[in-house]
Amino acid sequence: MDASQTRVPCFQAGDHRANEQLGLLAMHTLWLREHNRVASELLAVNPHWDSDTVYHEARKVVGAVVQHITYRHWLPKLLGDSAMRRLVGPYAGYDPNVDPRTSNEFAGAAFRFGHALVQPLIARLNESYQPIPAGNLALHRAFFAPFRLVEEGGVDPIVRGLIGLAAKRTRPGEVMNFELTERLFALAHDVALDLAAFNVQRGRDHGLRSYNDYRRHCGLSTANTFDDFGAEIRDDDVRRKLHDVYRHPGSVRFLLLLTATFFVIHTHTVHARLRLRLENVKRIVLKDV
Ligand code: HEM
C-alpha cells in the first residue's frame, strides 16, 4: 500500500518513538494488550479496587515479566553464560541505594550497539512462517508507518517475523545496514538520514571521551598505534580506514570503535563496551526489579 493513500495516525504510547519502525510498534502493541489482559483478570478477582490500583498493579506485573525476559533470557544470549555469571551474577534482591540513572556512555554509545543487529528487512510471516500476501518489507518502508500495521495484517505477522529472522550478523565491511545509513526515515524526509552519523554526532554532543580513555577506565592498555587495536579489530582494512580518518589512535571516538569491535566481543576478556553496558544494566536491575 502507498503511504499517500492512507491517514492512519501514529499510535499513542509513552514515547512517540514507539512508531519508529513496525517491529517496535508491534512490541508496544503486544505489551499494551498484555497489560489490559492482566488488568481485567486482576479486576475480576479484586472488584473493590479503584481504576488507579488496577492500573498500577497490572503495570507492576507486566514490568516484572519484561525484566524477566530481559535478564533471564535476552542478556545471557547476548553476553554468553560465562560473562553473565562473571559480570552480572545472580540477582541479590532489591537495593534502594543503587543509582538507577542511565549513564551518558550507555545511552550515547554503548547500548546503541543494537543498531548493528538490525536486519534491513522486516519479515511478515503467516502461521506457517511463510511471507504474508503483503510481503516482507524493506526497513525504510517500515519507519513511522503505523498504517502498515493496521492495514497490512496486524501485529501477528510482524511478531512471527521477529521470531523467524535472526539478528543481523555484523561484518567488518558492514556494521550497520544500508537502510539505516542511507534510508533512515525516508518516508518523512526529502533527504533520508544516516543513523551512524547521528550516533557519532550524538557522542560529540554528549562530550563522550575517546576510546582510549574508556579502555583505560576498563583496565585495558592504551593504544599507541592502530595495530594496538588488533585484538579487537582483526580486520586490517578497517584498521587502515580508521588510520586514514583519524591519523592517531587517541583521536578515535568511543562509539565508532565499539561498533567496529562488536563481532569479537565474546573472544576478548572484558571489553570496554561490555563492561560499561553491564555496569549500567546491573544498576538498573538492582534498582528496579
Ligand atoms: C530499526 C531499528 C532502529 C532504528 C531505526 C533506530 C533509530 C534510532 C535513532 C534515530 C536514534 C536517535 C539518534 C540520535 O539522534 O542520537 C536512536 C537512539 C538510540 N537507539 Fe536506536 N534504532 C533502532 C534499533 C535499536 C536497537 C535494537 C537498540 C538496542 C538494542 C537501540 C538503541 C538505541 C539507544 C540506546 C539510543 C539512544 C536513546 C536515548 O539516548 O534516548 N536502537 N535509535
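Values quoted throughout were computed directly from the atomic coordinates according to the rules given, and no laboratory measurement underlies them. Treat the numbers as computed from the prediction; the structure is a model and nothing was measured. Counting neighbours? That spans all protein chains shown, and the Cβs are built from the backbone with ideal geometry, glycine included.
Structural remarks
- With a cut-off of 18 Å on the backbone N, the residues of the stretch 197-232 near the modelled label site 7 Å out from residue 174 along Cα-Cβ are 197.
- Dipole in debye (nearest 20) - the stretch 93-153, about Cα centre, beta carbon charges: Lys, Arg +1; Asp, Glu -1: 240
- Acute angle (nearest 10 degrees) that the helix 22-45 long axis makes with the longest principal axis of the chain, alpha-carbon atoms: 50
- Axis of helix 236-246 versus longest Cα principal axis of the chain: the two differ by about 80°, to the nearest ten degrees.
- Spin-label model, residue 218/residue 46: points 7 Å from Cα along the beta carbon direction are separated by 4.2 nm.
- Counting only Cβ charges, +1 for Lys and Arg and -1 for Asp and Glu, the dipole size of the chain around its Cα centre is about 760 debye.
- Order by protection proxy (mean Cβ within 10 Å, highest first), peptides 231-239, 198-206, 156-164: 156-164, 231-239, 198-206
- Rounded to the nearest 10 degrees, the angle from helix 272-288 to the longest Cα principal axis of the chain is 30 degrees.
- Computed across the chain, the Kirkwood hydrodynamic radius from all distinct Cα-Cα pairs reaches 21.4 Å.
- Most fluctuating residue given options 113, 185, 11, as computed from a GNM of the chain linking Cα atoms under 10 Å: 11
- The stretch 100-232: radius of gyration and largest Cα-Cα distance (Dmax), Å: 18.6, 56
- Each Lys and Arg Cβ is given +1 and each Asp and Glu Cβ -1; about its Cα centre, the stretch 152-237 then shows a dipole of about 360 debye.
- All other residues whose Cβ lies under 15 angstrom from that of residue 190 are scored, Lys and Arg at +1 and Asp and Glu at -1, for a net of -1.
- Mean ellipticity per residue at 222 nm, deg cm²/dmol - from DSSP H runs of n ≥ 4 across the chain, formula -39500 (n - 2.57): -13000 deg cm²/dmol
- Local charge for residue 44 was computed over the other residues whose Cβ lies under 14 Å away, with Lys and Arg +1 and Asp and Glu -1, and equals -1.
- For the stretch 1-98, the convex hull drawn through the C-alpha positions has a volume of 181 cubic angstrom per residue.
- Candidates 147, 173, 186 compared by Cα position along the dipole of the stretch 129-191: farthest toward the positive end lies 173, with charges placed on Cβ.
- Going by neighbour counts of Cβ atoms within 10 Å, the residues 241, 60 line up, fewest first, as 60, 241.
- 18 Å cut-off, amide nitrogen to a point 7 angstrom out along residue 8 Cα→Cβ, residues in the stretch 146-171: 146-162
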